Amino acid sequence: MTTFDKREEGFEAKFAHDEELHFMCLARRNKLLAAWASGLMDQAGSPAESYAESLLVPDYLGKADDRLVLKVVADLKAKGIERSPQDVLGQMRDLLAKAITDIEAGR
């Protein structure tokens, strides 16, 4: 194995690790977002857990957060709670920072 082969393997391993961390951060953020939204909707227990699971499907763990924002805004609106997409997006940004911190700390 040449030095270039070893280097390529190293880059591939780092890429795979980074992608896994990214996915874990998004999943954690979505769980935190579900908890936030569930709190606004006065949901607890099983309904809150079901709502969290609904935000962990692949459609909401991808690169486009717009679907997730629209879903949360619509879910809140259905419960009579008005939040703008910008409010939800801002909350998502804050929760992503918390998710990254939590994962880096091993929580």
Exercise. Has region 72-94 got at least one residue that is surrounded by fewer than 12 Cβ atoms within 10 Å (Cβ to Cβ), in contact with a Pro (Cβ under 9 Å, 6 or more places away or on another chain) and either free of Cβ contacts under 8 Å to residues at least 60 places away in the same chain or not basic (Lys, Arg) (or both)?
Worked result: no
Problem set entry | First in region 27-50 and at pLDDT 95 or above, second anywhere and of a type in the set (D, E, K, R), Cβ under 6 Å, 6 or more apart | Met41/Lys79
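Tell me, please, whether a residue that is out of contact with any strand residue (DSSP E or B) (no Cβ under 7 Å at 6 or more places or on another chain) and under 18 Å from Asp94 (Cβ atoms) can be found in region 4-17.
Looking only at region 4-17, we keep the residues that are out of contact with any strand residue (DSSP E or B) (no Cβ under 7 Å at 6 or more places or on another chain), and these are 4-17.
Adding the requirement that they be under 18 Å from Asp94 (Cβ atoms) leaves none.
Checked region 4-17: no residue is out of contact with any strand residue (DSSP E or B) (no Cβ under 7 Å at 6 or more places or on another chain) and under 18 Å from Asp94 (Cβ atoms).
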Exercise. Within region 53-68, is there a residue that is more than 20 Å from Ala99 (Cβ to Cβ) and surrounded by 11 or more Cβ atoms within 10 Å (Cβ to Cβ)?
Worked result: no
For this session: Assess whether Ala34 counts as being more than 26 Å from Gly106 (Cβ to Cβ) and either surrounded by 10 or more Cβ atoms within 10 Å (Cβ to Cβ) or acidic (Asp, Glu) (or both).
Result: no
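The values are calculated or read from the model by the stated rules, or taken from the named source; none is laboratory data. These numbers come from a predicted model, not from an experiment. In this analysis, Cβ positions are derived from the backbone assuming ideal geometry, glycine residues included, and neighbour counts consider all displayed protein chains.
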